[in-house]
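All remarks here apply to the structure that follows.
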Amino acid sequence: MHTKRRTLVKTVLALGAMAAAAGAWAGYNIWSNEYTFSQKQLQTAIDSKFPQQLRYAEVFNVGLKDPRLTLNPDRNRVLTRVHVSVLSPLLLAGALNGAITLSSGLKYDRATRAVQLDNPTVDNIDFSNVPAQYKPQLSQIGAVVAQQVLNNYPIYTFTSDQLRLNGKTFEPGAITVQQDGIAVEINESGA
């Protein structure tokens, strides 16, 4: 019994060291074997991607700024609402201003050790006072924005030290969107 307790204490201390290696950004929970990231931490990661200027179909200049991240645990998705400004000589109404809400899944990319946004889609396009003839183009622009700006965007990159402990290698597994952040399960990879 004494040996089991000593082994448990060593394991807890080693996992605590693993958590310390994660720094202040990621929280490691030794009981659930998960790294957790708060909504605020995720917002900071998304903020670093903006503002953006894109060109679409050689005639539309698209400005993106002020992303606001929300979490949808029911769908296990991350939502990003972005303010959009579309300018083109083809637009008789002048600049179009509004917002696009993009919904992304999450995945782990083993090659880069990063948790990435995956397969973003347009959930909502909100341009008030925009003539109906521009709605199809805005939907197409939204789809391009989703793919160019957010697809495969890393929101956290693990260090190799975070995924190695006492000669064992660990690998992120299931990623779960929660009310106030995300949780990334960590499993022994056997490698």
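General observations
- Residue check, E185 in contact with a Gly (Cβ under 7 Å, 6 or more places away or on another chain) and modelled with pLDDT of 90 or more: yes
- Of all residue pairs spaced 6 or more apart or on separate chains, those with beta-carbon atoms under 7 Å, a first member in the range 165-177 that is farther than 14 Å from A114 by Cα and a second member that is outside any strand (DSSP E or B) and of a type in the set (S, T, Y) are T169/S189.
The values are calculated or read from the model by the stated rules, or taken from the named source; none is laboratory data. Since the model is a prediction, treat every value here as computed from it, not as a measurement. Heads up, the Cβs are rebuilt from the backbone with ideal geometry, glycines too, and the neighbour counts pull from every protein chain shown.
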